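Structure record follows, encoded as structure tokens.
The values are calculated or read from the model by the stated rules, or taken from the named source; none is laboratory data. Only a predicted model underlies this, so the values are computations on that prediction, with no experimental measurement involved. Here the Cβ is made from the backbone with ideal geometry for all residues, glycine too, and neighbour counts use every protein chain on show. Surface accessibility is based on the protein's heavy atoms, side chains included, excluding ligands, DNA and RNA. Shrake-Rupley method; radii C 1.70, N 1.55, O 1.52, S 1.80 Å.
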Amino acid sequence: MRTQDAGHRAAAVAAIADRDYRRAGDEYTRAGWRVLSDPREGIEPFGADEKGWVGDGLQYLATSAVCYRVAGNDTRATRRGVEGVAVAKDLTNGLEHPVQHACLDEFVADFRTVAGLDGVEAAYREAESAYKDAGSAIDNPQAWGTTPLFESAATLIQQVARGPANGEIALPWEDLHGTDPGDPGRFLAQRAVVKRQRFPSLIQQVINDGFLATPRGTTEYDTDHHRCPHCGSTDVNWVAESVVCLRCSRPTDETS
């Protein structure tokens, strides 16, 4: 079990598969609020938590904004962005480590990006500086980079990048980080650099295409048991409670 989203994330993924992006935005919003109020058994949203489970809630709110923009509902996307910026800043009262504060700065920049708010470049540069300033307090940057908080901050750009890449992993974990973990601050600051350079254009592309891919889950290529009725692919993606085409993210049919 990850976080307690009351099934709303699975409903959001199913809505994306149905190309119902407004409903997906609503379900991701509900998932975000649910996790932010009660992330996980024994974890409080405003308490110290080295893993940062509350990050899932931020990710779901940010994803809702993307869904609304693809659906053409920019007003609701803006509201989610404003809410997300406020929540990410407020969570610094609970999460204690400087590197977690830097990741929350990264989330602030993400919310500005996905909602089309002003100040995107400045926000990512602020996150980049925060990571570098936190460097002396980081003993193992790879370990921090794989905690739920940091993974949540990476998931959405990876999901957005899948659509233009025919469903493949276009932005792996390694590309989001620096090459030298011996310099922890710069290693993690690369996340903000990559997002500043790539995330705004990726968001604009999915809006222009009118297509947001589902998240990537467990995949299988060239199967003999599924074929997509929409594009003919036999490549499958199992994610949340949905079985979708790896290529077009629509529901795929099981063959006899």
Seminar exercise, completed: Picked from the stretch 29-83 (must be among the polar types (S, T, N, Q), free of Cβ contacts under 8 Å to residues at least 60 places away in the same chain and buried (at least 16 other Cβ atoms within 10 Å of the Cβ)), the residue farthest from residue 107 (Cα to Cα) is 73
Exercise. Taking the stated definitions as given, is residue 125 basic (Lys, Arg) and touching a residue at least 40 places away in the same chain (Cβ under 8 Å)?
Worked result: yes
Problem set entry | the stretch 207-236, subset within 14 Å of residue 166 (Cβ to Cβ) and small (Gly, Ala, Ser), residue surrounded by the most Cβ atoms within 10 Å (Cβ to Cβ) | 213
Exercise. Taking into account only those residues within the stretch 113-140 that are outside any helix (DSSP H, G or I) and within 30 Å of residue 64 (Cα to Cα), which is most open to solvent (accessible area, probe 1.4 Å)?
Worked result: 118
Exercise. In a loop (DSSP other than H, G, I, E, B) and among the aromatic types (Phe, Trp, Tyr): does that describe residue 211?
Worked result: yes
For this session: Would you point out the residue of the stretch 237-256, among those that are part of a strand (DSSP E or B) and not charged (D, E, K, R), that is most open to solvent (accessible area, probe 1.4 Å)?
Result: 238
Exercise. Mind checking whether some residue in the stretch 119-139 is more than 25 Å from residue 188 (Cα to Cα) and of a type in the set (Ser, Thr, Tyr)?
Worked result: no
Problem set entry | Given (1) β-branched (Val, Ile, Thr); (2) under 16 Å from residue 150 (Cα atoms); (3) surrounded by 15 or more Cβ atoms within 10 Å (Cβ to Cβ), number of the condition residue 92 does not satisfy | (3)
Exercise. Taking the stretch 141-186 on its own, how many of its residues are closer than 17 Å to residue 204 by Cα and part of a helix (DSSP H, G or I)?
Worked result: 10
Exercise. Can you tell me how many residues in the stretch 42-76 are within 21 Å of residue 116 (Cβ to Cβ) and touching a Lys or Arg at 6+ places or on another chain (Cβ under 7 Å)?
Worked result: 7
Problem set entry | Sole residue being out of contact with any His (no Cβ under 7 Å at 6 or more places or on another chain) and in contact (Cβ under 8 Å) with a residue 40 or more places away in the chain, chosen from 192, 170 | 192
For this session: Within the stretch 131-146, identify whether any single residue is of a type in the set (D, E, K, R), within 20 Å of the chain's Cα centre (by Cα) and in the same structural domain as residue 57 (by the TED database), and answer yes or no.
Result: no
Seminar exercise, completed: Contact list, first residue from the stretch 208-224 and under 23 Å from residue 11 (Cβ atoms) and in contact (Cβ under 8 Å) with a residue 40 or more places away in the chain, second anywhere and part of a loop (DSSP other than H, G, I, E, B) and open to solvent by 30 Å² or more (accessible area, probe 1.4 Å), beta-carbon distance below 7 Å, six or more apart or interchain, is 216/169
Problem set entry | Unique residue being assigned to a helix (DSSP H, G or I), open to solvent by 20 Å² or more (accessible area, probe 1.4 Å), over 15 Å from residue 121 (Cα atoms) and not aliphatic (A, V, I, L, M) when the list is 204, 197 | 204
Exercise. Is the stretch 133-151 home to any residue that is modelled with pLDDT of 95 or more and under 26 Å from residue 74 (Cα atoms)?
Worked result: no
